[in-house]
Amino acid sequence: MSLITTLKRFGITTGGAAAAASKASVIYLVRGENPKSVTIPTPIGLRIEVPVDKYERRDDKYCATVRKFAGDNPDALDGLEILSCSKRSLSFTIKGGEGIGVITRPGLRGEIGSKSISPTAMEMIKAAVKEVTDENVEVEISVPNGRTIARNTMNPSIGIVDGISILGTTGIEYPVSDEDYMDHLRTEICVIKHSGSKGLVIAPGNVSFEVAKRMFGDIAVKIGDRVGDTIKLAEEMGFEKVTLISLPGKLVKVAAGIMNTHNKYGDARVETITYASVLADIEVEKIRKIANSLTVSEALTYLDKEERVKVMKVVAERALKRLKSITNMSVEVIALSEEGEVLARADQP
């Protein structure tokens, strides 16, 4: 077994940076203080200390800037300035300003026409501000270079225009796309193997991992994009069964035969969901809408609950077939909705 020889640096999400900037700006507003760093709560229960880059006054607004830090994860947003300005108000308000993208398509995390701040990131920002004061304040978050930087992200291709998104389900950015992450996975999987388990449950992201832990307990591991590599590793270690549990966006890539789901290795998401819709006998007009979608999430908004189940059953079965082509282990695939609800299952001994 190889060992981790270097320490990998974790970063903060755009949501984490926005929460830190917002807390700092409100401290400046209500206390007149300019702390060099602030500590913010995260959705996973950890508290993280984040440096504050600078403070400034803009008329009646008190502003603070935090630079996003990506750690050792390749990220086009590393070093990006996120600015938060607060002022006293008649109500408690958190809003997005210049440089934060606008949602233009269905299926994304927010209403069409609203700023792209995910619900989890918004709750993290609110929680950070509420640690400072219960007074009514208006906090506006902006990204000075957001319009320009967004051209180097996937936002334009998924229907978010004129800026970046404020995202993050944990507040912490894990170096899951780094090559050395396989050493970390090897260690985690080895621990599970030595616990006596004959099965391994793998989940690409935070939401699917939380569902996997609730369903299967301590034999679940978060793998990032490394689906194929992890399955080969599990077989080398002698596991008898592997279960992949995933949200639609990643699972359709596996169904297309893409075993590293990072976008630099391929896509075919919309093509795959369209293909699955044809096999599921979805009506032609809906298939046309699906084929013209920018994301899998958008495609699924054109289907009712029963149709989503039928389509994701096809996707799960297709993903199962792809996985069986690379392993002799027993395989199970569980397809989740965006909210973490089980939509379909497929298994093969």
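The values are calculated or read from the model by the stated rules, or taken from the named source; none is laboratory data. Please read these numbers as outputs of a predicted model, since none were measured by experiment. For neighbour counting, all protein chains shown are included, and Cβ atoms are generated from backbone atoms with ideal geometry for every residue, glycine included. To get the accessible areas, we keep the full protein, side chains included, count just its heavy atoms, and leave off ligands, DNA and RNA. Shrake-Rupley method; radii C 1.70, N 1.55, O 1.52, S 1.80 Å.
Tabulated data for the structure shown
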item: Qualifying residue in segment 31-38 (condition: more than 30 Å from Ser157 (Cβ to Cβ) and part of a helix (DSSP H, G or I)); result: yes
item: Residue within segment 45-58 that is closer than 11 Å to Ala21 by Cα and surrounded by 21 or more Cβ atoms within 10 Å (Cβ to Cβ) present; result: yes
item: Qualifying positions in segment 230-243 - in contact with a strand residue (DSSP E or B) (Cβ under 6 Å, 6 or more places away or on another chain) and assigned to a helix (DSSP H, G or I); result: Thr230, Ile231, Ala234
item: Lone unmet requirement of (1) open to solvent by less than 70 Å² (accessible area, probe 1.4 Å); (2) touching a residue at least 60 places away in the same chain (Cβ under 8 Å) for Ile290; result: (2)
item: Identity of the residue in segment 234-255, farther than 22 Å from Glu341 by Cα and buried (at least 20 other Cβ atoms within 10 Å of the Cβ), that ends up farthest from the chain's Cα centre (by Cα); result: Phe239
item: Selection from segment 253-274 of residues that are under 17 Å from Ile326 (Cβ atoms), assigned to a helix (DSSP H, G or I) and not charged (D, E, K, R); result: Val254, Ala255, Tyr265
item: Some residue of segment 124-143 being open to solvent by 70 Å² or more (accessible area, probe 1.4 Å), under 21 Å from the mean Cα position of the chain (by Cα) and either of a type outside the set (D, E, K, R) or farther than 26 Å from Tyr302 by Cβ (or both); result: yes
item: Identity of the residue in segment 185-207, farther than 16 Å from Leu244 by Cα and among the β-branched types (Val, Ile, Thr), that ends up modelled with the lowest pLDDT; result: Thr187
item: Unique residue being part of a loop (DSSP other than H, G, I, E, B) and either open to solvent by less than 70 Å² (accessible area, probe 1.4 Å) or under 16 Å from Ser22 (Cβ atoms) (or both) when the list is Ala121, Ala76; result: Ala76
item: Hits in segment 316-349 (condition: in a helix (DSSP H, G or I) and under 19 Å from Met215 (Cβ atoms)); result: Ala316, Ala319, Leu320, Leu323
item: Residue match in segment 181-200 (condition: open to solvent by less than 40 Å² (accessible area, probe 1.4 Å) and on the phi > 0 side of the Ramachandran plot); result: no
item: Out of Ile94, Ile44, sole residue that is in a strand (DSSP E or B) and touching a strand residue (DSSP E or B) at 6+ places or on another chain (Cβ under 9 Å); result: Ile94
item: Selection count where residues are loosely packed, with under 14 Cβ neighbours inside 10 Å and either in contact with a helix residue (DSSP H, G or I) (Cβ under 6 Å, 6 or more places away or on another chain) or within 25 Å of Glu173 (Cβ to Cβ) (or both), scope segment 79-94; result: 1
item: Failed item in (1) within 16 Å of Ala150 (Cα to Cα); (2) open to solvent by 40 Å² or more (accessible area, probe 1.4 Å); (3) touching an Asp or Glu at 6+ places or on another chain (Cβ under 9 Å); (4) not basic (Lys, Arg), with Phe69 passing the rest; result: (1)
item: Top-ranked residue in segment 98-116 [being without any contact (Cβ under 8 Å) to a residue 60 or more places away in the chain and of a type in the set (A, V, I, L, M, F, W, C); ranked as farthest from Asp304 (Cα to Cα)]; result: Ile103
item: For Met329: the one exception among (1) free of Cβ contacts under 8 Å to residues at least 24 places away in the same chain; (2) open to solvent by less than 10 Å² (accessible area, probe 1.4 Å); result: (1)
item: Flag for Val296 being open to solvent by less than 60 Å² (accessible area, probe 1.4 Å) and either farther than 29 Å from Ile112 by Cβ or touching a helix residue (DSSP H, G or I) at 6+ places or on another chain (Cβ under 7 Å) (or both); result: yes
